[in-house]
1. Treating the beta-carbon of each Lys and Arg as +1 and of each Asp and Glu as -1, no other charges, what is the dipole magnitude of the chain about its Cα centre, to the nearest 20 debye?
2. Looking at the chain, send over the antiparallel percent of its DSSP beta bridges, to the nearest 5.
3. Sketch the reach of a paramagnetic label on Lys317 as a point 7 Å from Cα along Cα-to-Cβ, and name the residues of segment 252-280 whose backbone nitrogen lies under 12 Å away.
4. So, in nm, how far is label Ala166 from label Ala116 when the simple model puts each one 7 Å beyond its Cα toward the Cβ?
5. How much length, in nm to one decimal, is gained on full extension between Ser221 and Lys184, taken as 0.36 nm per residue of separation minus their Cα-Cα distance?
6. What shape does segment 170-275 take by its C-alpha gyration tensor, where a ≥ b ≥ c are the square roots of the eigenvalues and a/c under 1.5 counts as rounded, a/b above b/c as prolate, and the rest as oblate?
7. Under a point spin-label approximation (7 Å from Cα along Cα-to-Cβ), what is the Ile232-Thr7 distance to one decimal in nm?
8. Which of Gly235, Gly62, Gly176 ends up with the largest GNM mean-square fluctuation for the chain, with Cα atoms connected below 10 Å?
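What follows is calculated from the coordinates using simple rules that are stated; it is not laboratory data. As the structure is a computational prediction, the values presented were derived from the model and not from experiment. Here the Cβ positions follow ideal geometry from the backbone for every residue, glycine too, while neighbour counts run over all protein chains shown.
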Amino acid sequence: MSRISPTISFDAPGKHFGFLRLPYSTHESAYGWIPIPIICVAGAAGPTVLLIAGNHGDEYEGQIALGELCRTLDPADLHGRVIILPAANYPAAMAGRRVSPIDGGNLNRSFPGNEAGSPTEMIAHFIETRLLPMSDCAIDLHSGGSSLQYCPTIRARANPDPEIMARTLTFLRAFGASYGCIFKPLAGENRTMAAAAARCDIPYLCIEIGGGGSVGREYLSMMSAGVRRILIASGVLKGELDLQDETRILSVDGFDNYVYASESGLFEPLAELGELIAAGQPAARIHFPDTPWREPASVTFQTTGRVLCRRFPSLTKRGDCLYEVGAEA
Ligand code: ZN
């Protein structure tokens, strides 16, 4: 049982706007609740697609794209149901932060959540126990946030079930990004929404577009068009699938696909987004403005592949992720 209660019905046909009421009793508001916006658009009988943005509050294209989608989606055009959660970690989204300012919770590291936990844990619990089980597919819209920048990539967690993997790949290609990435969870990570969807046996896709704590116009239209194509591919939205570009499938299998800062200092990138790089190639130099006579430290790529994302701010600390590399098949 969740302590979160929706103000809308998920079973009624038509378009319904409302909130998930998350009880949150504070000094300022003794009986108050956190209003997490939710929209359900239901047409004729058919499958359910769950669309989420604001999983991380500082990733904006998805939040804007889902706002636009919920205003324009017509139930008459649907064979099925679309549930839209555009600001999933609402306190984080309102603060423009990756994590919630209330409890420090990173929603995408909080699954399966806890019905009696912090607000972020309660949201994760509601998504995993209520929204995912009523969905046939979940799409989670991200960007690189404040600390990373991504070239448009659609990502799926490797799933051992061939039927789920085949459906996942259909949606992945329908999105129309240049790169698709099949990833294995690092160190058995099971707190993500990808892991939650796998536990619920449904296809899950995570879109990574742009970042740097801002919104790119081109990225925004890519996000909106790609989500609509997935809705068409799922059979929920009427329409023709107009696929222009072939999506190149890359893989991220482990820590070698990442480059981390070996020292703290100023990050000078030596590779660009989308660039094809080779193992052993210099990835970055880290400069030391506190001891400028010291030679900068060199960091190299550990694997051959395509640069999918890079750190956005220059100031870096040892352990920060500088790049992610997708290996080409
Ligand atoms: Zn994110």
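1. Rounded to the nearest 20 debye, it is 400 debye.
2. Working: 46 of 72 bridges.
Of the beta bridges lying entirely in the chain, close to 65 percent run antiparallel.
3. Within reach of a label on Lys317: 264-265.
4. 4.4 nm
5. The span from Ser221 to Lys184 would gain 10.5 nm if fully extended.
6. Working: a/c = 2.19, a/b = 1.40, b/c = 1.56.
Note, shape of segment 170-275 comes out oblate.
7. Between Ile232 and Thr7, the simple spin-label model gives 3.5 nm.
8. Top of the fluctuation ranking is Gly235.
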